[in-house]
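Here's the structure we're looking at; comments come further down.
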Amino acid sequence: MKPSKTAAPGRLLTQAAGERQTGALVVGGHPGGTVYLIEGQVTYAESAAAPGVGELLTASGRLAARTWQAALDAGTSRAQVGRILLDHGHLTQGELELCVLGATYDAAYFALSPASAPVDFLDGATHWLGPIVRVDPAAVTREARRRARLLDEIYPHPQLDTAAVIPVPRPPVERVTITAAQWELLVHADGQRTPADLAQLLGRAGYATIQELRRLAALGLIELPAARERDSDNPDLVRLPRARGTAVDVRRPALSPGDGPTVPIVTGPRPAPASGDPPGPAAETDPATMHAPRLARRKPGAKLPKEVAADTGQMHTGTDEVLLKRIRTALRALR
Amino acid sequence: MPGVENCLQEAMAIPGAIGASIVDYTTGFPVATTGAAPNEDHDAAAAGTADVVQAAQSRSLFVSAVPHDLLEDLIITTAGGYHLLRLVQTDFDSRLVLYVWLDRIRGNLAVARRRMQILAEELVAT
């Protein structure tokens, strides 16, 4: 593997495509993503900000979580998960192709839109889904650029795409008309969830989610992150879901026992404990409390992330304190 | 096993068909195309298709006049042809429309509409 370098992901994709390479273009940063190529043609893409084929199919109820998991178990090592779903009659060719195409363009937007990001090319890497579609890389990069432009035509505030979604407490006008998709987003926006979280939760395309959120912001129904940053010295609430199972899992650092929980930590003077606060040590004995903040949202029936499953016995002292602070931060953000 | 390519081929077999595509109507992107497009531009046709579907779906009240009512298809008639837009209902999250451009003289609207309905259903039905 070549060392990671900083470049324009779109340009590197064009170059890899020109050399008819097979492998994975791994784009770092937030949200980052991976674009898979076979002989210079794009076969799949994934990003933390875009639900993958598995999420789309299981969140909608099209496939039962165990059906998906069984296909993963049987096909991951041979890169034939898609083939297996078709052969077993769980999906039609048309459905799978449309789902893969949708997920690919969705993830490619997030992976390719940064002007510059740390980029790796993993020679020969293939995705466990197997080749279902083949797309011209030029079309993918062109479409990623076009989508960025479309968003700015709706409402040119890119900070909305990554910041936690906070609905305004009161609509700015007497009467508002929203679509079903917008309603769904507003109902599930709890002040903590980012657009990427909402897309994963609802099983909706990441780009379509951002599009609706920009429209909602244009209507004045969700807060602009810039307005929030000024009046607080609080830590950033921006949070992406953790990396999910990928064929090339190079972005996830090995978790050492000393690692802290993945929640914002307030570095200010500690408030005096209120009399009603539960005593710390009592909560520490509850393993559920210990691990709650470290787990990404999973589909029903999905396996625990490796690093969590491995160290279930491990105790992180002080997690309850971090959790309380996180709740406090969230409440403050809602104010 | 009808795939996307196969679906478009069959759409082209509809009497009078000049061009066909499957369009993502949130972004106005042609996911797959075949045959000719108005002004030889599939991208522009897709963007126009998306505008029309969105206008019908979000900005008109008749689509939601009855509970659980659903937009099925749209027909645009011009002097030279018919433009048929049939929504493809997938269980998973997508916003897709099957678009077929028909020649006005050779095309038969009723036949084309019926065939497109079957194609859109077969594409996603097990």
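When segment A:70-83 is filtered for residues that are away from chain B (no Cβ under 14 Å) and open to solvent by less than 30 Å² (accessible area, probe 1.4 Å), the ones remaining, listed by number, are A:71, A:75, A:79, A:81. All of A:197, A:190, A:236 fail the test of being of a type in the set (Asp, Glu) and modelled with pLDDT under 55, apart from A:236.
A quick yes/no check of all residues on (1) within 13 Å of chain A (Cβ to nearest Cβ); (2) more than 28 Å from residue A:133 (Cα to Cα); (3) open to solvent by 50 Å² or more (accessible area, probe 1.4 Å):
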site	(1), (2), (3)
B:18	no, no, no
B:24	yes, no, no
B:46	yes, no, no
B:57	yes, yes, yes
B:75	no, yes, yes
B:83	no, no, no
B:106	no, yes, yes
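For segment B:50-76, filtered to residues that are in contact (Cβ under 8 Å) with a residue 12 or more places away in the chain and among the β-branched types (Val, Ile, Thr), the residue that is farthest from residue B:118 (Cα to Cα) is B:52. Residues in segment A:39-69 that are surrounded by fewer than 17 Cβ atoms within 10 Å (Cβ to Cβ) and at negative phi: A:64, A:66. Of the set (1) open to solvent by 60 Å² or more (accessible area, probe 1.4 Å); (2) part of a helix (DSSP H, G or I); (3) at pLDDT 90 or above, all apply to residue B:116 but (1).
Filtered by the rule that a residue be aliphatic (A, V, I, L, M) and closer than 16 Å to residue B:24 by Cα, segment A:128-147 gives A:135, A:139, A:140, A:144. One residue stands out in segment B:26-44 among those that are part of a strand (DSSP E or B) and within 12 Å of chain A (Cβ to nearest Cβ): the one that is surrounded by the fewest Cβ atoms within 10 Å (Cβ to Cβ), namely B:33. Of all residues assigned to segment A:109-125, at least one qualifies as being part of a helix (DSSP H, G or I), of a type in the set (Ser, Thr, Tyr) and within 27 Å of residue A:210 (Cβ to Cβ).
Residues in segment A:177-205 that are outside any helix (DSSP H, G or I) and either among the hydroxyl-bearing types (Ser, Thr, Tyr) or more than 12 Å from every other protein chain (Cβ to nearest Cβ) (or both): A:177, A:179, A:189, A:190, A:191, A:192, A:193, A:194.
The values are calculated or read from the model by the stated rules, or taken from the named source; none is laboratory data. Keep in mind it's a predicted model, so treat the numbers as computed, not measured. Backbone-built Cβ (ideal geometry, glycine too); neighbour counts: all protein chains shown. Each accessible area value is taken on the protein alone, full model and side chains, heavy atoms only, with ligands, DNA and RNA left out. Shrake-Rupley method; radii C 1.70, N 1.55, O 1.52, S 1.80 Å.
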